[in-house]
Amino acid sequence: MGKTDVPTGRVTMERRLFPRPVCLVLLGFLPGVMVSFPAGATPLFTESFEAAPHYTVQNGGSSGSGSFFSVLSGGGLDLGYIPGGIDGSAYFGGRDLDGFPSSGPPWQISFDPVDITGIDDVQVSLDLSALNAPVFEDDDVLSLQYRILSGPFSGPAIVLDTFTGAAAGGFLENAGTALSEVFASFDYHIANPTDTSKSLLLELVVTGFDGLDEAFALDRVLVSDAGSAGGGAGTGSVPEPGALALLAGGLLALRLAPARKARQTDPA
């Protein structure tokens, strides 16, 4: 039925009684009927690590080519594999995180606050990748979390997703998906039911990753308005009661017309 505020049962019944073209023509004459379709999400923030940063890094740095928590662009740093599906030419990566002077858990990326005032459904999307091998232990943890900022106050960190390994070594995965050497997109929705002035602070927190073969990559971070007016599902209007009565009468007349004609032409 698509995105429409006309009751489902009513439309289903009409399509059983009459051919589809007749129903569409009649609905077109109804005052107040409007059929709408979902619109694409409206971007609020994007970071692809290509230009000036819109984030801060805690305990970032590098030592040599195989130990870093930093942006990778061109040569110099070696992730141990080449990720597939890079958005542009640069991305953020981490490998052997205890091997450079400023290292010390947690390693963290904090993205610039995003104004989400009046937005009902906030969508967070990002691309992740990791070495495709069972080398990650259960203390290798990559956690995506957010905080709500309201004026000078910051709410507690709320975890959106966690990727980790296994005690005896495993792939880096969340509850259902193991990361691979090709970037995979992950989408999350955050309900925001109030209209008070507030901002979203998105954070990626990393612990562990202290082995030379333990590496991950991050790219294309996007925060969008997925549910407010103009950013999510379209809106519609409901027919007035009088219009529905008029439609019902017209449909009934059309339904009875063939039988009435047959009675008039039947010889007595």
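The values are calculated or read from the model by the stated rules, or taken from the named source; none is laboratory data. Please read all numbers here as calculations on a predicted model, not as lab measurements. A quick note on method: Cβ atoms are made from the backbone with ideal geometry, for glycine too, and the neighbour counts reach across all protein chains shown.
Quick look at the values:
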{"quantity": "When residues of the stretch 204-227 are limited to those that are hydrophobic (A, V, I, L, M, F, W, C) and outside any strand (DSSP E or B), the one surrounded by the most Cβ atoms within 10 Å (Cβ to Cβ)", "calculated": "F209"}
{"quantity": "Leading residue by the ranking (surrounded by the most Cβ atoms within 10 Å (Cβ to Cβ)) among those in the stretch 109-126 that are of a type outside the set (A, V, I, L, M) and touching a Leu at 6+ places or on another chain (Cβ under 7 Å)", "calculated": "F111"}
{"quantity": "Pairs where the first residue, in the stretch 145-160, is buried (at least 16 other Cβ atoms within 10 Å of the Cβ) and the second is acidic (D, E) and at pLDDT 90 or above, C-beta under 9 Å, 6+ apart", "calculated": "Q145/D161; Q145/E203; Y146/E203; R147/E203"}
{"quantity": "Tally of residues being exposed (fewer than 15 other Cβ atoms within 10 Å of the Cβ) and of a type in the set (G, A, S) across the stretch 93-108", "calculated": "2"}
{"quantity": "Positions within the stretch 68-92 being in contact (Cβ under 8 Å) with a residue 40 or more places away in the chain and either surrounded by fewer than 20 Cβ atoms within 10 Å (Cβ to Cβ) or not in a strand (DSSP E or B) (or both), in sequence order", "calculated": "L79, G80, Y81, I82, P83, G84, G85, I86, D87, G88, A90"}
{"quantity": "Identity of the residue in the stretch 98-115, of a type in the set (F, W, Y) and outside any loop (DSSP other than H, G, I, E, B), that ends up nearest to F69 (Cα to Cα)", "calculated": "W107"}
{"quantity": "Residue count, the stretch 184-203 (criterion: under 16 Å from the mean Cα position of the chain (by Cα) and assigned to a loop (DSSP other than H, G, I, E, B))", "calculated": "1"}
{"quantity": "Filter result (of a type in the set (F, W, Y) and assigned to a strand (DSSP E or B)) within the stretch 42-67", "calculated": "F45, Y55"}
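Residues checked against (1) more than 23 Å from L172 (Cβ to Cβ); (2) of a type in the set (A, V, I, L, M):
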position: I82; (1), (2): no, yes
position: S89; (1), (2): yes, no
position: G94; (1), (2): no, no
position: D115; (1), (2): yes, no
